[in-house]
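Participant: One structure is given below, represented as structure tokens, and several questions about it will come after.
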Amino acid sequence: MAALSSFSSLNCPTTSSSSSSSPCLSSRRLSFSSSALKKFLPKKISLQSPRYWNVINSQDGTVPVTASPPENVTSLRKLKDELLSITSSEEVREETSVDIVDEHNSTVSIVVVGASGDLAKKKIFPALFALYYEDCLPKHFTVFGYARSKMTDAELRDMVSRTLTCRIDKRENCSEKMEQFLKRCFYHSGQYDSEKNFAELDMKLRDHEKGRVSNRLFYLSIPPYIFIEVVRCASNSASSANGWTRVIVEKPFGRDSESSASLTRDLKQYLVEDQIFRIDHYLGKELVENLSVLRFSNLIFGPLWSRQYIRNVQFIFSEDFGTEGRGGYFDSYGIIRDIMQNHLLQILALFAMETPVSLDAEDVRNEKVKVLRSMKPLQLENVVIGQYKSHTKGSVTYPAYTDDNTVPKGSLTPTFAAAALFINNARWDGVPFLMKAGKALHSKIAEIRVQFKHVPGSLYNSSFGTDLDRTTNELVIRLQPDEGIYLKINNKVPGLAMRLDQSNLNLHYAARYAKEIPDAYERLLLDAIEGERRLFIRSDELDAAWALFTPVLKELEEKKVMPELYPYGSRGPVGAHYLAARHNVQWGDISAEHPLE
């Protein structure tokens, strides 16, 4: 607990999170919030923009009256300037909690704990280089790898260089940028539970920080059973003395409600909630980010986004490969914990939430928590599990899950799951939210499918025959691969006869935008450096998510429910189709023609 004070400099007002020469960061940072400035204003002065100053809102049904803007104020910016000019810098720092940026006197040290692991090599270092390549990192930054493996700085740089790639639109200076980035990469070998080793790391960090205000970001790219030891050692021996210290924690965040709550309690012995960045890389995907834009900035979707018009919503995740020698980790968690409880549930919460007060992190996360708390805990009758078995296709034989040498013989761990969930609120009551996730399936895809209700009393039902599902309008948001959005509509085929067809209005990102889509880790690392928490998971959000899945997970394990076997490379177990049919739903990806391919 003594270390809590050393981490308490999280919101140190003199820290810097960006360089003024970095448009990537400066364009994303909000300098002052209206809520903070209200503390300096008389209660009768409104902070609304000038175009609203002529209306006083009334809540009692009376006719609104008009009012003129204050005579001595011509714009909100001028008002802010006047307020700040009469307020000491210390008061501004205390009341607004906004960092005062001084690029010359501050630096960011990014410590990748577990630097020799696959995640660090394949995702974290390439994402950091991509941010550097796009001029999104602060002017002064250093990257340190920390792991138990013995390695020199040169060996780390050689390892990292093998995984770095450049943006397709800026190839000409790739090698130069890569060399500059690698010069900022260093390595320190140490044990994960050694405060002495972390104190040695601290000395190296201080040497590179050169007396500047030090901001430190620790990325825990390590197994969860050593999270707490690393946080303890970093807290006691390597936290920033005069800037912020933040920790990115990778999933899994426990195995159930109890273990998750225990992990949170242990982390909070050394950190406060605002320092913990629980990362779910699916929240950093471009189309997940676009989900709220699609819904809240397009008037046509607002009235449709409810039980009145939506018949069901499907969240589909499939991989066309199995565990392939990595079954040790997977077998202890399974597909429900690995994919559904975090990735798909987080997307569901974003999809179903009410309009937040603002795009501030707490406002968005508050709405997500409301959705999760409104949901019924998942029932066993609404779950189907499966496990892939060996299958021969042509001359190739694909192994069963239990053929993997890292998987225990006779394992009942599901590699496939389908589930139906429901939200008990006025907007979504009665609408089934179906999830489906699996390994060793026929395709690799992640998408959201919104199936709308049939047109009541449609004049053209006879043109489509008895299968009304063929006429269903469907909005498809393809998260990966070939990111895109398309809407299925009914239209007349050109000609003299009245023939109807279903067509797609589509936005294919690769065709529409020349710029390469950033990797999810790039966005999330950048947000963590900036202190933007909107795409990270809060502890109460995590509690609500586990509360939905823990009962059924325990029931599956206690009853030793046998997973239904399905052939490697198939569309999954037949039981998933019966589950959908029970809720009057047909999986949209079964007979779908993907216009983006």
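Coordinate-derived values only; no laboratory data. All values derive from a computational prediction rather than experimental measurement. Don't worry about glycine lacking a Cβ; one is built from the backbone with ideal geometry, like all the others, and counts go over all protein chains shown.
Participant: Simple spin-label model, 7 Å along Cα-to-Cβ: residue 493 to residue 391 in nm?
Facilitator: Reported label-point gap for residue 493 and residue 391 is 3.3 nm.
Participant: Run the numbers for residue 501 and residue 355: contour at 0.36 nm per residue of separation, minus the present Cα-Cα distance, in nm. Write out the running numbers ahead of the final one.
Facilitator: Numbers: separation 146, 0.36 × 146 = 52.56 nm, distance 3.51 nm.
Fully extending the segment from residue 501 to residue 355 adds 49.1 nm.
Participant: Next question, about the same structure. Beyond 26 Å between alpha-carbons counts as too far, so tell me which of 122/515; 285/444; 122/268 fall in that bin.
Facilitator: 122/268
Participant: So for region 263-318, taking the charge dipole from beta-carbon charges (+1 Lys/Arg, -1 Asp/Glu), which of 279, 305, 294 sits furthest toward the positive end?
Facilitator: The Cα lying farthest towards the positive end belongs to 305.
Participant: If R₀ is 56 angstrom, what is the calculated FRET efficiency for the pair residue 161 and residue 429, using the beta carbon separation as r and rounding to 0.05?
Facilitator: 0.55
Participant: Let me ask another. Which percentage, to the nearest 5, of the DSSP beta bridges contained in region 106-250 is antiparallel?
Facilitator: On the way: 0 of 24 bridges.
Rounded to the nearest five, the antiparallel share is 0 percent.
Participant: Then there is this: Taking amide H atoms as placed 1.01 Å from N in the peptide plane, list the residues 5 or more away in sequence, or in a different chain, whose amide H sits under 5 Å from that of residue 186.
Facilitator: Here 143, 144, 145 satisfy the definition.
Participant: Rounded to whole Å, give me the distance from the Cα center of region 182-206 to that of region 297-340.
Facilitator: Value for the Cα centre distance between the two parts: 39 Å.
Participant: Express the Stokes-Einstein translational diffusion coefficient of region 106-250 in µm² s⁻¹, to the nearest whole number, given a Kirkwood radius over alpha-carbon pairs, 20 °C and a viscosity of 1.002 mPa s.
Facilitator: Estimated via Stokes-Einstein, D reaches 140 µm²/s.
Participant: If you take every residue apart from residue 574 with its C-beta less than 14 Å away from the C-beta of residue 574, what net charge results, scoring Lys and Arg +1 and Asp and Glu -1?
Facilitator: Details: positive: 389, 436, 571, 582; negative: 564.
With Lys, Arg at +1 and Asp, Glu at -1, the neighbours total +3.
Participant: Points 7 angstrom from Cα along the Cβ direction at residue 558 and residue 259: gap in nanometres?
Facilitator: Using points 7 Å along Cα→Cβ, the separation is 1.7 nm.
Participant: A follow-up question, please. Within region 348-442, which GluC sites (Glu not before Pro) sit in a loop by DSSP and count at most 14 neighbouring Cβ atoms inside 10 Å?
Facilitator: In loop regions of region 348-442 (DSSP not H, G, I, E or B), the sparsely surrounded GluC sites (Glu not before Pro) are 354.
Participant: For the cross-link pairs 436/560; 436/488; 139/196; 121/204; 139/251, which exceed 24 Å when the distance is taken from alpha carbon to alpha carbon?
Facilitator: The answer is 139/196; 139/251.
Participant: Can you work out ³J(HN,Hα) from phi for every residue in region 382-394, in order, using Karplus 6.51 cos²θ - 1.76 cosθ + 1.60 and θ = phi - 60°, giving whole Hz and x for Gly and Pro?
Facilitator: Values per residue, Gly and Pro as x: 9, 10, 10, 10, x, 8, 6, 10, 4, 8, 9, 10, x Hz.
Participant: Give me the extension gain from residue 300 to residue 458: residue separation times 0.36 nm, minus the current Cα-Cα distance, reported in nm with one decimal.
Facilitator: That works out to 54.8 nm of additional length.
Participant: Gap in Å between the Cα centre of region 354-377 and the Cα centre of region 481-543?
Facilitator: 21 Å
Participant: Right, here's the next one. Hey, if you put +1 on the Cβ of every Lys and Arg and -1 on every Asp and Glu Cβ in region 481-594, which of 490, 585, 563 ends up farthest toward the positive end of that dipole?
Facilitator: The residue sitting farthest along the positive end of the dipole is 490.
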